[in-house]
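Read-outs: derived from the displayed coordinates by stated rules, not from any lab. Since the model is a prediction, treat every value here as computed from it, not as a measurement. Note: ideal-geometry Cβ built from the backbone for every residue, glycine included; neighbour counts use all protein chains shown.
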Amino acid sequence: MDVSTQRATRTQNDRENLLHLHAERAKAIQSRLAEFLSVKPSEYFYELAYCLLTPQSSAVNADAVVAKLRASDFLHTGSHPEPLLRDPRHYIRFHRVKSRRLLKARDGLGEFLEILAGSDDASALRDLLVHRVDGFGLKEATHFLRNIGRNGGLTILDRHILRNLKRYGAIRTIPKTISRKKYLAIEQRFVEFSAEIGIPVDELDLLFWSMETGEIRK
């Protein structure tokens, strides 16, 4: 058996294992997706905050900080978030920059909610969020839309997803940097791979995450 045949066989075996794993975790994944759909507009700001905090910081720490922001009614009290972000118990990297972004997002909440109310087109909403929310690129904007059940099949291309797309033969290499053009091209390949393997793209996203982290997190 030559090298290319061995590689193709290994990829096929990996894909079959992926289908088995999805069958085992589908119910829990679908339950999590239903939670996203049930998020109310009154919670949108805190989902936005979570997506501002997670880049280059752990999801666990971001969750803890958002819980404290919510408990202190950060949205209405006028408090400053930086002490929470630099707390060593749930430290957020680049806490000064991210604190400024949270304050800016709080100040622009009205415009932000108008954007979300103004369209059901996920792609258009994502572009508006990238343009209007300081700290949002395509990945963060998609993450936010997914967490409120409004991503419409758009995908979150973080390192976990890219690593698995390469593992299962959907992409050949993981790019060192991702331009908008490259992001959209890989996103399209993700969608195509989802159709090829027969797992809905949102479920595949959470399946990849659970394989990397052991949890079905947001």
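Laid out as a table, the results:
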{"item": "Length added when fully stretched, Lys40-Ser123, from 0.36 nm per residue minus Cα-Cα", "result": "27.8 nm"}
{"item": "Ranking of Asp127, Asp107, Asp158 by count of other Cβ atoms within 10 Å, fewest first", "result": "Asp107, Asp127, Asp158"}
{"item": "Kirkwood Rh in Å, taken over all unlike Cα pairs in segment 139-183", "result": "11.4"}
{"item": "Residue order, fewest to most beta carbons within 10 Å, for His80, His20", "result": "His20, His80"}
{"item": "Neighbour-count ranking [beta-carbon atoms within 10 angstrom, fewest first] of Phe208, Phe144, Phe36", "result": "Phe36, Phe208, Phe144"}
{"item": "Among Asn151, Asn13, Asn164: highest mean-square fluctuation, GNM of the chain, C-alpha pairs under 10 Å", "result": "Asn13"}
{"item": "Pairs from Lys68/Lys176; Lys68/Lys104; Lys104/Lys139; Lys27/Lys104; Lys98/Lys166 whose Cα-Cα separation, in the structure shown, is over 29 Å", "result": "Lys68/Lys176; Lys27/Lys104; Lys98/Lys166"}
{"item": "Stokes-Einstein D in µm²/s, Kirkwood radius over Cα pairs - the chain at 10 °C with 1.306 mPa s viscosity", "result": "86"}
{"item": "The chain: relative contact order as a whole-number percent, Cα under 8 Å and 6+ apart", "result": "23"}
{"item": "Axial C-alpha extent at least 27 Å, average Kyte-Doolittle at least -1.0 - helices from the chain (DSSP)", "result": "3-37"}
